[in-house]
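Asker: Pasting in a structure now, in structure tokens, and then I'll have a few things to ask.
The values are calculated or read from the model by the stated rules, or taken from the named source; none is laboratory data. Owing to the predicted nature of the structure, the values given are computational and were not obtained by experimental measurement. Because the Cβ atoms are built from the backbone with ideal geometry, glycine has one as well, and the counts that use them run over all protein chains shown.
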Amino acid sequence: MSYLYVALGGAIGSLGRYSISLIPTKTAFPFLTLITNLIGAILIGFIVGYLGEREATSKNMLLFWKTGVCGGFTTFSTFSLESFSLIEARQFAVGGAYIVLSVMLCLVGILCGRRIAMLVI
């Protein structure tokens, strides 16, 4: 049953992300992605702060919102929450390393994926 909550939330989050991407812009800066990531970070922060504090909140409700909606909308929200949690816990070295490694490794991952795609084409 947990999978159903994640899938339904993921569909909603993905549709939200896609809808934002359809807004016309006249800039090369990835403004809409930045906004999407910011909204996702705000949303997951709200979910953790609001639902996470309530004893009546079910595990499936958290899965729907955190993993489903936020995960479908942007995984950047999860990255941001994890980074914030490490910093809040005063684990500055681990948090800083996580932030730097996440950004750098994902950029390298994109490069590798593009190179692999060129080999397959």
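Asker: Is it true that Leu119 is surrounded by 11 or more Cβ atoms within 10 Å (Cβ to Cβ) and either of a type in the set (A, V, I, L, M, F, W, C) or not in a helix (DSSP H, G or I) (or both)?
Answerer: No, not satisfied.
Asker: Quickly run through region 72-82 and pick out the residues that are touching a helix residue (DSSP H, G or I) at 6+ places or on another chain (Cβ under 6 Å) and either at pLDDT 95 or above or within 9 Å of Gly40 (Cβ to Cβ) (or both).
Answerer: Answer for region 72-82, where residues must be touching a helix residue (DSSP H, G or I) at 6+ places or on another chain (Cβ under 6 Å) and either at pLDDT 95 or above or within 9 Å of Gly40 (Cβ to Cβ) (or both): Gly72, Phe73, Thr74, Phe76, Ser77, Ser80.
Asker: Are any residues in region 42-74 of a type in the set (S, T, N, Q) and either part of a helix (DSSP H, G or I) or in contact (Cβ under 8 Å) with a residue 24 or more places away in the chain (or both), and if so, which ones?
Answerer: Asn60, Thr67, Thr74
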